[in-house]
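Structure, as structure tokens:
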Amino acid sequence: MDDWDTRIDAVWADDALTDAERITRIDALAAERSDDDARALFERAGARDSAGIEAEAEVLYRRALAEGLDEEHRPQAVIQLASTLRNLGRTDEALEMLRAERERGGAFGDAASAFYALALVSSGDPVRGAAIALEALAPHLPRYTRSVTGYARELVDPPR
């Protein structure tokens, strides 16, 4: 991890910062990079998203994705953008993005499932949302993985 990453991580880890202070510090670090730097755009978006400034965050997330993020930050940006869209009332778009990200799998597959479940609840399908969340959780349980997976599936496809 380079010095810039370390400084970004330190800003995110500082719980004493207000939302405005966090945005100011992230923006200052982002200014060290070019205006079209995908990672800097992503961090700026995240700071605004965290502060509840979703409309500004959306624009920055889209720019970050368009500029090309690495495979560590791309799925995070997709998930965070989809969450922002859900908060903006654009649930169908959020569901589409999260469905695609879940299908990609990878290190953020369970995170995509969690946000997909939230979007399903927002769209009026809480039972399917619960099933998705339980299926994502099941492999992490110390026991009962098979049972929880089976019950989750029964939520959306009850036995006859």
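The values are calculated or read from the model by the stated rules, or taken from the named source; none is laboratory data. Because the structure is a prediction, the values reported are computed rather than measured. Cβ coordinates were reconstructed from backbone atoms using ideal geometry, including for glycine residues, and neighbour counts include every protein chain displayed. Calculation scope for accessible area: heavy atoms of the full protein, side chains included, ligands and nucleic acids excluded. Shrake-Rupley method; radii C 1.70, N 1.55, O 1.52, S 1.80 Å.
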For this session: Work out the length of the dipole vector of segment 4-58 about its Cα centre, built from +1 on the beta-carbon of each Lys and Arg and -1 on the beta-carbon of each Asp and Glu, and round it to the nearest 20 debye.
Result: 140 debye
Exercise. Considering the zone a paramagnetic label at residue 72 would reach in this model (a point 7 Å from Cα along the Cα-to-Cβ line), which residues of segment 85-113 have amide N under 19 Å from it?
Worked result: 106-112
For this session: Output the direction-averaged projected area (hull surface divided by four) of the convex hull of the alpha-carbon atoms of segment 58-160, in nm².
Result: 7.1 nm²
Exercise. Quick one: if you stick a label point 7 Å off each Cα along the C-beta vector at residue 141 and residue 35, how many nm between them?
Worked result: 5.3 nm
Exercise. When only C-alpha pairs under 8 Å and at least 6 residues apart count, what is the relative contact order of segment 1-47, in percent?
Worked result: 34 percent
Problem set entry | Kirkwood Rh (inverse of mean 1/r, distinct Cα pairs), segment 113-160, angstrom | 10.7 Å
Problem set entry | Whole-number accessible area per residue in Å² for segment 1-91, which is evaluated in the context of all protein chains at 1.4 Å | 49 Å²
Exercise. Per residue, how much accessible area does segment 99-160 have with a 1.4 Å probe, in Å²?
Worked result: 67 Å²
Exercise. Mean separation of Cα pairs under 8 Å and 6+ residues apart, divided by the residue count of segment 66-151: what relative contact order is that in percent?
Worked result: 19 percent
Problem set entry | Sulfur and carbon atoms: percent of accessible area, segment 18-70 [1.4 Å] | 47 percent
For this session: As a check on your grasp of the helix formula, calculate [θ] at 222 nm for the chain: sum -39500 (n - 2.57) over DSSP H runs of n ≥ 4, divide by the residue count, round to the nearest 500.
Result: -23000 deg cm²/dmol
Exercise. Using a 1.4 Å probe on the protein chains only, how many percent of the accessible area of segment 79-145 belongs to carbon and sulfur?
Worked result: 55 percent
For this session: Write down Rg/Rh for segment 36-98, rounded to two decimals, with Rg from the C-alpha atoms and Rh from the Kirkwood relation over Cα pairs.
Result: 0.94
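Within 10 Å, count the other beta carbons around each residue, average over each peptide in 82-94, 39-51, 131-143, and list them highest first. Present the calculation step by step, with values, prior to reporting the outcome.
Working: 82-94: 19.6, 39-51: 22.8, 131-143: 15.5.
Ranking the peptides 82-94, 39-51, 131-143 by packing returns 39-51, 82-94, 131-143.
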